[in-house]
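Please read the structure below before turning to the comments.
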Amino acid sequence: MSTTDDAVPGFPAAGPPGGPQRSSAETYAQVQASPEFAALRRRWRGFIFPVSALFLIWFLAYVLLSAYAPGIVNTRVGGSNITVGLLFGLLQFVSTFAIATIYSRFAEKELDPEASRLRAEVEDSL
Amino acid sequence: MTVLAEGEQQVGSPLLNISIFVVFVALTLVIVYRASSSTKTQSDYYTAGSSFTGAQNGIAISGDYLSAASFLGIAGLIATKGYDGFLYSIGFLVAWLVALLLVAELLRNTGRFTMGDVLSFRMQQSPVRAAAAVSTLVVSLFYLLAQMSGAGGLVALLLGIKSTLGQDLVIALTGIVMVVYVLVGGMRGTTWVQIIKASLLVIGAAVMTIWVLGQFSFNLSSVIGAADSADATSVLRDSGNSYASNPLDFVSLAVALVLGTAGLPHVLMRFYTVPTAQEARRSVTSAIWIIGIFYLFTLVIGYGAAALVPGGPPAILKAPGKDNAAAPLLAEALGGPFMLGIVAAVAFATILAVVAGLTITSSASFAHDLYANVIKKGDVAPGEEVRVARITAVVVGLLAVVGGILANGQNVAFLVALAFAIAASANLPTLLFSLFWRRFNTTGALSSMYGGLAICLFLIVFSPAVSGPAGPEATAMITAVDFHWFPLSNPGIVSIPLSFLLGVIGTYVGQNRERRLVTADRFPEMEVRSMTGAGSAGRPKQRSGVMADPATHPNQVAGRPGAH
């Protein structure tokens, strides 16, 4: 353990080696093993992992289309100079704004209250 | 004015350009000086005492991120390559979702000053911190080089300074002002410079966008049509103008862009300037809006430059600074010398502010990770670490000036894309593995960081970006000898997956040896901290702090001038 004692110097929880450090490690391990924490983690990962996969695939699809299917992306929409590729690109902006907004709302409603409750629990027992 | 003649190296009125820029520098120096009175401790210098709000930091993140590459580089690429240039802005924007969903909050909760804090949290301190410092310095120096290379061309274009010596002097002067920001103001002063600069940049881009659209009765299709007819050689609305011969390079670039942002040390460090993970999330969300809207502006500015600059894209490519000159030339075509002066000053401010942000990040990483925790093993006198950081800032400033003089004339967005590839290869895999994968260990971290960095640099050296055949179409830095064998200009698609793979292999190879060395598993602690913020230096506002960190003073800077 000696190599990791002062991992984050200055943190209140990173006490001197010995007593307090061991008990804080136990507290963290306890909270991490609790069903409440597991539920929070499930809810959180259930959002971030699928959404990350989604936007990465969506972005990659756009890039692959642009690189390998010029026939599709260069198609002009209704005789204007706006192409299908440009519209796809603009949709990337829309989806990015939407995901950022949805995630923020989700985190504030579904994650923050439980996270701060668990935080209080940890810090009270340290 | 037709095509810019060879000797005609200046546009607008240099005196006007210089005066507008001097006003900006004077104003920011006053603000930086005022911020200096509250920059005393280590935490003030590195992270402004984590005292900024999410909204303020969101603007500052945009200021750090919307570099010369975003403004001059992307506008120039869209003006000369059309649709293919647009990809840069999309990659640069979508990348923020990686930072928002997977990195920002966890990083805020588990670290304090540098990326090394998080990477070394449950690893062996010295080797991992040393690796973090090395990759921070390499990425930041690459990024610095890109910014400073834009400065040279801009100086030539705007100040009418024709001699190389004169240009070099101006680059040196830029470097000195930047180092003064960092030394005097620390992170607090630098953040205010970012906030002012981001506001000016977004307002300037908005004015130009509305102006361009106004000339085409607010019809984007007409802007693109006019851009297309200005360039006889290529169809700017179509894809393939720069990547038709090698589409895989286009994909590789895109992968590097989208995965690079969340590994950029100067971006990561900004998450520490707010008190909590919630504020870090708010920072990123508002940064996404600001950055996204700005990139929509650059789309119009780029096509607008192709359409409205007399002589069109060929004239832009012949101007000093080449395609980086598209936005300033458009400003002149729209509003004459005064508009050019404003845009020029904003572009300079952009370079200055981004370089300041990079400098403070490299100096923090050197002083905090390498000096205090590796060389001195955590035994540093108070004030000593900040003193070392300040000296490092001066050295980095010097390197930036020399690099800027040497790298003159490369497209800024392209150079930055290489910095993104390095960041995505060296930092992102280790960052994600240490946050999400329990078995990940020191051997894995070191393999992924050094391996990713080495592979990425190696492939860049042997890429067509560094050496290539000479000729009128030559794009390589070196054309005297052609030693390239790697087919891609951007190595991302090879180096990033390999770095993830090395992290996995290293973890399994090292696990038996490490099990004997390390007795406790700190993953539970890291996971609880990263998700809840327990034990982190910042306090949520609504909770009156037990054990409040003395370095944290929320709202301390609320009354300062220059906000928004």
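At a glance:
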quantity	calculated
Gyration tensor (alpha-carbon) shape descriptor, region B:20-133, a/c threshold 1.5	oblate
Inter-part distance where region B:281-352 and region A:59-94 are each reduced to a Cα centre, Å	23
Lysine pairs meeting the criterion (Cα under 19 Å, 8 or more apart or interchain), as found in the protein assembly as shown	5
0 to 90° range, to nearest 10: angle between helix B:442-461 axis and chain B longest Cα axis	20
Gained length - B:Ser37 relative to B:Ser13, 0.36 nm times residue gap less alpha-carbon distance	4.9 nm
Label-point separation in nm, A:Leu54 to B:Arg439, each point 7 Å along Cα→Cβ	3.0
Helical contribution to [θ] at 222 nm, DSSP H n ≥ 4, -39,500 (n - 2.57), averaged over chain B, rounded to 500	-22500 deg cm²/dmol
Average other protein chain Cβ within 10 Å of Cβ, residues A:80-93	6
Selection from B:Ser19, B:Gln124, B:Ala345 lying farthest towards where the dipole of the protein assembly as shown points positive, charges on Cβ	B:Gln124
Mean-position separation - Cα centroids, region B:431-486 and region B:154-204, in angstrom	29
Between 0 and 90°, nearest 10: helix B:54-65 axis offset from chain B longest Cα axis	60
Charge dipole (debye, nearest 20) of region B:14-420; +1 at Cβ of Lys and Arg, -1 at Cβ of Asp and Glu	740
Modelled FRET efficiency - R0 22 Å, A:Arg43 with A:Val94, Cβ distances, 0.05 increments	0.25
Point-charge dipole on Cβ atoms (K/R +1, D/E -1) for region A:19-124, about Cα centre, debye to 20	440
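Any read-out appearing in this document is the output of simple, stated calculations on the displayed coordinates, not a laboratory observation. Given the structure is predicted, the values throughout are model-derived calculations rather than measurements. Note that we place each Cβ from the backbone using ideal geometry, even for glycine, and neighbour counts take in every protein chain shown.
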